[in-house]
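Notes for the one structure printed next.
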Amino acid sequence: MLNGILVIDKVAGMTSSDVVYQLRKALHIKKIGHAGTLDPEVTGVLPIAIGQATKLIDLLHTKPKRYVGEGLLGYATDSYDATGTTLVTQPLPTAIPSQQLQQAMQTFVGTIDQVPPIYSAVRVNGKHLYEYARAGIAVTRPSRKVSVMLYDLTADPVFDSASGYERFSFAVQCAKGTYVRALVNDLGTKLGHPGVMTHLRRVAAGGFDISQAVKLSDIVADPTIAAKYLQPISSLFNIPMVALTDRQWERVANGGTLPLDQTANEVGVCYQHVLKAIYQATPDGYRPKLMLLQNQ
């Protein structure tokens, strides 16, 4: 039984649910879930929780996400990306210099109010926004607080004088719930020009990065390599790890309290080098907070 995080480098054209479905078939494991949905055309890091790690999906969501992508100034779509229907075309009369673009990007760093795209999974009155969009029903999109840690140019923008379009590359680091394509759209609005995201790749999420990722096609072709790429559950925690004696393990297996010589508020308890539970300090000793007894 596999227990841990498989970091998949998702290709374009697949939904996150498609990845989970194919992994269930290839690995013959039902207990699989993804952390952090990627739009079908977005590529990159998709953390997949397997087995006991599915208990930690909420924890994976708390980790920052990092993206690299491209945007274009000169037209806008209803979805805020290149797959949508064009709403307005407005060629730029002159190039926007790097410094002006970077300064505008910095106004989005911090805790900001963001209106999600109409083609998104945000729910209003029990329905996804994309359901309203597909049905042609007007709906007020709720503004939400999101956190952006970084929004930077990664190269000088390229202005095409023939079309009046300006293309730029960027990097974003943000918290859960942030729509990067909305950041591109809103950047255009800030500059007084329509803008659209043309490409996006997630390079880090859930505490993992693209260097730890494997292609889904490689796993499907040879499911035995999944164990090689599996990240252990313990890698999600930056807390002291305590090795259990046989007697202590018996107590943990029965949900018992542990008198530990520790000062940390939380500790991981391990038996035979495998994390079995997270214990939390109380006045009466350390008590179980999260049980992972089937982790192997």
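The values are calculated or read from the model by the stated rules, or taken from the named source; none is laboratory data. Note that the structure is a prediction, hence the values are computed from the model and not measured. So basically every Cβ, Gly included, is an ideal-geometry build from the backbone, and we count neighbours across all protein chains shown. Ligands, DNA and RNA are excluded from the accessible area calculation, which covers all protein heavy atoms including side chains. Shrake-Rupley method; radii C 1.70, N 1.55, O 1.52, S 1.80 Å.
Note on Val203: accessible area is roughly 30 Å² with a 1.4 Å probe, heavy atoms of protein only. Rounded to the nearest 20 debye, the dipole size of the chain about its Cα centre is 840 debye, using +1 on the Cβ of Lys and Arg and -1 on the Cβ of Asp and Glu. Computed from label points 7 Å out along Cα-Cβ, the spacing between Met1 and Val214 is 2.0 nm. Taken one residue at a time, the phi angles of the stretch 267-283 give Karplus couplings (6.51, -1.76, 1.60, θ = phi - 60°) of 9, x, 10, 10, 10, 6, 6, 10, 5, 10, 5, 10, 10, 10, 5, 9, x Hz. Gly and Pro are set to x.
Seen against the Cα atoms of the chain and their longest principal axis, helix 180-191 is set at about 30 degrees. Largest GNM mean-square fluctuation across Arg181, Arg167, Arg141, computed for the chain with C-alpha springs under 10 Å, falls on Arg141. Taking Leu87, Leu183, Leu200 as the candidate residues, the one with maximal mean-square fluctuation in a Gaussian network model of the chain, Cα springs under 10 Å, is Leu87. Computed over protein heavy atoms with a 1.4 Å probe, the carbon and sulfur contribution to the accessible area of the chain reaches 50%. Taking every DSSP helix (H) stretch of at least 4 residues in the chain, weighting each as -39,500 (n - 2.57) and dividing the sum by the residue count yields a mean residue ellipticity at 222 nm of -5500 deg cm²/dmol.
Apply the a/c threshold of 1.5 to the C-alpha gyration tensor of the chain and tell me whether it is rounded, prolate or oblate. It is prolate, given that a/c is not under 1.5 and a/b is the larger ratio.
Averaged over its residues, the chain has an accessible area of 49 Å² per residue, based on protein heavy atoms and a 1.4 Å probe.
For Ser120, the amide hydrogen comes within under 5 Å of the amide hydrogens of Leu129, Tyr130, counting only partners 5 or more places away or on other chains and with H modelled in the peptide plane.
Just to be sure I understand: with springs between alpha-carbon atoms less than 10 Å apart, which residue in Tyr75, Tyr151, Tyr132 has the highest mean-square fluctuation in the Gaussian network model of the chain? Judging by the Gaussian network model, the answer is Tyr132. Hey, if you put +1 on the Cβ of every Lys and Arg and -1 on every Asp and Glu Cβ in the stretch 51-184, which of Gly51, Ser161, Val122 ends up farthest toward the positive end of that dipole? Farthest towards the positive pole: Gly51.
At 0.36 nm per residue, and after removing the present C-alpha to C-alpha distance, how many nm does the segment from Asp246 to Gln90 gain when stretched out fully? Length gained between Asp246 and Gln90: 49.1 nm. Is the stretch 13-67 best put as rounded, prolate or oblate by its Cα gyration tensor, with a ≥ b ≥ c the root eigenvalues, rounded for a/c under 1.5, and otherwise prolate when a/b is larger than b/c, oblate when not? Because a/c hits 1.5 or more and a/b fails to exceed b/c, the stretch 13-67 counts as oblate. For Arg123, Arg66, Arg202, Arg251, the ranking by accessible surface with the largest value first comes to Arg123, Arg251, Arg66, Arg202, using a 1.4 Å probe. Residues Leu260, Leu6 ordered from highest to lowest accessible area at a 1.4 Å probe: Leu260, Leu6.
Here Glu250 sits with roughly 120 square angstrom of accessible surface, probe radius 1.4 Å. The antiparallel fraction among DSSP beta bridges confined to the chain stands at about 90%.
Heads up, I need the accessible area for Tyr67: 1.4 angstrom probe, whole protein in place, Å², nearest 10. Number for this one is 20 Å².
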